[in-house]
Structures are given as structure tokens and as C-alpha cells.
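Reading through the C-alpha cells given below for one structure.
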Amino acid sequence: MRKLCIYACLSLTSCLGFKELPVDYDYSYRGNFEKYRTFDMLKPLDTSDSTMINESIEKSIAARMKFLGYKKTGNRPHLIISYKMYFDSLKFHGYEQPDIETWVKNKKEDMAYDKRKYNLKKGTLLIKFYDRRQNRSIWQGYATARYGDIDFGNQRHLRNAVISILDKYRFWAQGFIDQQHANVQEEADNP
């Protein structure tokens, strides 16, 4: 019970000073969202590309994934996570889809992808999840400040962008909730 209270307090305090950004996301109908347990960050081949290397973003992503019960591993992770910062405006293709929580309930894989185009303003952060076994992208979220750009030099702006995006990925790691319930029950049985 005590651990559960600590998780609740941490999640509440992490929201202090948080300014949610406009976010959208797309996903693959072939994603096994309830089956993933581990993750790792994609390591860019070109280390001179500063749009894919940022310690603050990586720490924020790792913290959020650990909060959801995912374990970070370099050995055959279920999910590989990448990100990219776009300093200029860009034209982006996304999809009109049902809310992901609604889709997961019936998991129709034969649904059509209705394309839509975005004109994203400068200062956009894109985070993508890849299913390593399927070798495909299964989820992507993107945030941009519609009334001004994300300041990539400001650590708080970066954390806010990551939190805003990953708030849309609402899947606990497989078995994590059951383990938390077992831990609470064990603490109650052995005070």
C-alpha cells in the first residue's frame, strides 16, 4: 500500500509546473500494446545529428516508461523508442483513427487508415515506438506549441513536451498492475 501511495504522490508532484501542449498521435492496428514489457532507446548512427540526441528527452522518456512499469534493457527489448526535434515548420502526414483505448477493446486490424495532413509549426517533437519483433512503427506522438515553438534549449519545455506526448500512450507494461496488486496484498498480509 505504501508503494502505491508513493507512486500516486510522485505522479501528482510531477505535474506541478506542467503545461500541456497540443498533442496528436497515430498507431498501427498491428500493435500488441498490452503485451509489451521492455524498451530501449534507438541509438542514432549519425551522432552529429543533434535533432536525435538529447539527454533530457531521453531521461524524461525513460522515467515515463518506468512509471508505466516498463523495464529498460539493451537485450532484445519489446519496444525501441526514437525521437526527433524539428526546429523548422514541416508538413506531416498522420491518420484519422479511433481513440487507441477504444480500438484496443476490439482490435480490428483490417480498418482503413484515413490519411490527414498537418502543417506543424516550428518547434515540434516527434516520439516513435517500434515493435522490435515486427520491425515496424506501432505508435507515434507529436507535440507542437500552436502559439509559439517549443524551446529545445529549455529543459522544462522539453520535459513538458515529452510528458504531453507520452500521456497519450496509456498502456501499462504487461503484468505490471498484477504485480503491484500482489505487492500491496503481501504488505497487507505482512505488516
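The values are calculated or read from the model by the stated rules, or taken from the named source; none is laboratory data. If you're wondering where the values come from, they're calculated on a predicted model, not measured in any experiment. Counting neighbours? That spans all protein chains shown, and the Cβs are built from the backbone with ideal geometry, glycine included.
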Only unsatisfied item for Tyr147, checking (1) over 21 Å from Ser56 (Cα atoms); (2) part of a strand (DSSP E or B); (3) modelled with pLDDT under 95, is (2)
Filter the range 160-191 for residues that are charged (D, E, K, R) and free of Cβ contacts under 8 Å to residues at least 12 places away in the same chain; the one that is farthest from Ile57 (Cα to Cα) is Asp189
Looking only at the range 115-125, which residues are at pLDDT 85 or above and either surrounded by 21 or more Cβ atoms within 10 Å (Cβ to Cβ) or of a type in the set (Ser, Thr, Tyr) (or both)? Thr124, Leu125
May I ask you to verify whether Arg133 is at pLDDT 95 or above, assigned to a loop (DSSP other than H, G, I, E, B) and on the phi > 0 side of the Ramachandran plot? no
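Suppose we keep only residues that are loosely packed, with under 14 Cβ neighbours inside 10 Å and of a type outside the set (Ser, Thr, Tyr) within the range 50-75. Which one would you say is nearest to Asn154 (Cα to Cα)? Walk me through it before giving the result.
If we filter the range 50-75 for residues that are loosely packed, with under 14 Cβ neighbours inside 10 Å, which is where we start, we get 50, 55, 66, 73-75.
Next cut, of a type outside the set (Ser, Thr, Tyr) only: 55, 66, 74-75.
Values: Glu55: 12, Lys66: 23, Gly74: 29, Asn75: 32 Å.
It comes out as Glu55.
I'm trying to understand the selection: among the residues of the range 171-191, which are of a type in the set (Gly, Ala, Ser) and at pLDDT 85 or above? It would help to see each step written out before you state the result.
Here is the first cut: in the range 171-191, the residues of a type in the set (Gly, Ala, Ser) are 173, 175, 182, 188.
Once the filter is applied, which keeps residues that are of a type in the set (Gly, Ala, Ser) and at pLDDT 85 or above, the range 171-191 yields Ala173, Gly175.
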Report, by residue number, each residue of the range 102-130 that is over 30 Å from Gly153 (Cα atoms) and part of a loop (DSSP other than H, G, I, E, B). Lys107, Lys108, Glu109, Asp110, Met111, Ala112, Tyr113
State all residues of the range 161-191 that are outside any helix (DSSP H, G or I) and in contact with a strand residue (DSSP E or B) (Cβ under 8 Å, 6 or more places away or on another chain); if no residue qualifies, say none. Asp167, Lys168, Tyr169, Ala173
Select from the range 18-52 the residues that are in a strand (DSSP E or B), modelled with pLDDT of 90 or more, over 14 Å from Ile80 (Cβ atoms) and charged (D, E, K, R) and list them in ascending order. Asp26
How many residues are in contact (Cβ under 8 Å) with a residue 60 or more places away in the chain, farther than 24 Å from Thr144 by Cα, touching a strand residue (DSSP E or B) at 6+ places or on another chain (Cβ under 9 Å) and of a type outside the set (Ser, Thr, Tyr) if we restrict to the range 63-120? 2
